[in-house]
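Here the structure comes first, spelled out in structure tokens, and everything after it is commentary.
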Amino acid sequence: MCGRFTLYNKKKVADKIGFNINPSYNIAPSQSILILTPKPILFYWGLSPTWAKKPMNLINARIETLKEKPAFKKTKPCIVVSNGWYEWKKSNNSEKIPFFIHDGNKIIYFAGIYNEIGCSIITKEASPSLANIHHRQPLILGKKERLCWIREFEINHPDEQKKLQCHRVGNYVNSPKNNDPKCCLLYTSPSPRDK
């Protein structure tokens, strides 16, 4: 699953995509996110089928069943632009511990779908290096995969070799109201004096 992500590298987005963003360290569903269709546009994160009487706000879609689900029929492929995403790992005491998964300061491209109402991020089974945090992850697209996804709405060779970095972050990120670099800072346990 991908329920929160970042897009904060303003210079790289401007250089690579030619789009001016407001840096965001805690993007949540129902906000506007940068997608490529292939042109860059800001779009509502939360997809509802055109036939739905009430908003469904589907933020993720499984690649395995994408073509089977009625809710995703008549959608088009898009690419979601990010710097990384957050996942919450369940601990033994039922606490959820947040982690930030990223590739340094590089841009990461997620497969997505959209219609006239909103968009959704495509997910896949988590890679072995991330499966201990969560069993799902966004479907990341390399350069060849991006072209294939936009042109053919297919994935022929997923970019499985991408080595991602991952570190625990503090509970500050839990609130979507918090949106600054502190969200993705490496967690440090409080010293006895701070308790």
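Quick notes
- Ranked by the mean number of other Cβ atoms within 10 Å of their residues, highest first, the peptides 88-96, 16-24, 110-118 come out as 110-118, 16-24, 88-96.
- In terms of Cα atoms, the Rg and Dmax of region 74-152 work out to 14.3, 46 Å.
- Integer Hz, Karplus 6.51/-1.76/1.60 couplings in order for region 25-31, x for Gly and Pro: 10, 7, 6, 10, x, 6, 8
- Kirkwood-Stokes translational diffusion coefficient of region 1-65, alpha-carbon pairs, 10 °C, 1.306 mPa s, µm²/s: 119
- Between ASN174 and LYS67, the simple spin-label model (points 7 angstrom out along Cα→Cβ) gives 4.2 nm.
- Dipole of region 30-135, positive direction: furthest Cα of LEU58, ILE121, ALA111, with charges on the beta-carbon: LEU58
- Normalised contact order of the chain, rounded percent, pairs of Cα under 8 Å and 6 or more residues apart: 22
- Note that region 131-147 has calculated 3J(HN,Hα) couplings of 4, 6, 8, 8, 7, 10, 8, x, 7, 8, 10, x, 4, 5, 5, 4, 4 Hz, one per residue in order, obtained from phi through the Karplus relation 6.51 cos²θ - 1.76 cosθ + 1.60 (θ = phi - 60°); glycine and proline are x.
- Karplus-derived HN-Hα couplings along region 74-83 (A = 6.51, B = -1.76, C = 1.60, θ = phi - 60°), whole Hz, x at Gly and Pro: 6, 8, 10, x, 9, 10, 9, 9, 8, 10
- Using only side-chain charges placed at the Cβ, +1 for Lys and Arg and -1 for Asp and Glu, the dipole size of region 86-157 relative to its Cα centre rounds to 160 debye.
- Based on Cα contacts under 8 Å between residues 6+ apart, region 21-82 shows a relative contact order of 34 percent.
- Checked against a 28 Å cut-off, the cross-linked pairs LYS76/LYS106; LYS39/LYS106; LYS54/LYS74; LYS11/LYS89 give Cα-Cα distances beyond that limit for LYS11/LYS89.
- Long-range HN-HN contacts of LEU58 with modeled amide H, under 5 Å: LEU47, SER48
- A Cβ-based charge dipole, computed about the Cα centre of the chain with Lys and Arg at +1 and Asp and Glu at -1, lands at about 240 debye.
- Rg to Rh, two decimals, where the chain supplies the alpha carbon set and Rh follows Kirkwood: 0.97
Laboratory data are not the source of any read-out in this text; all were calculated from the coordinates shown. Remember, it's a predicted structure, so these values are computed and weren't measured experimentally. In this analysis, Cβ positions are derived from the backbone assuming ideal geometry, glycine residues included, and neighbour counts consider all displayed protein chains.
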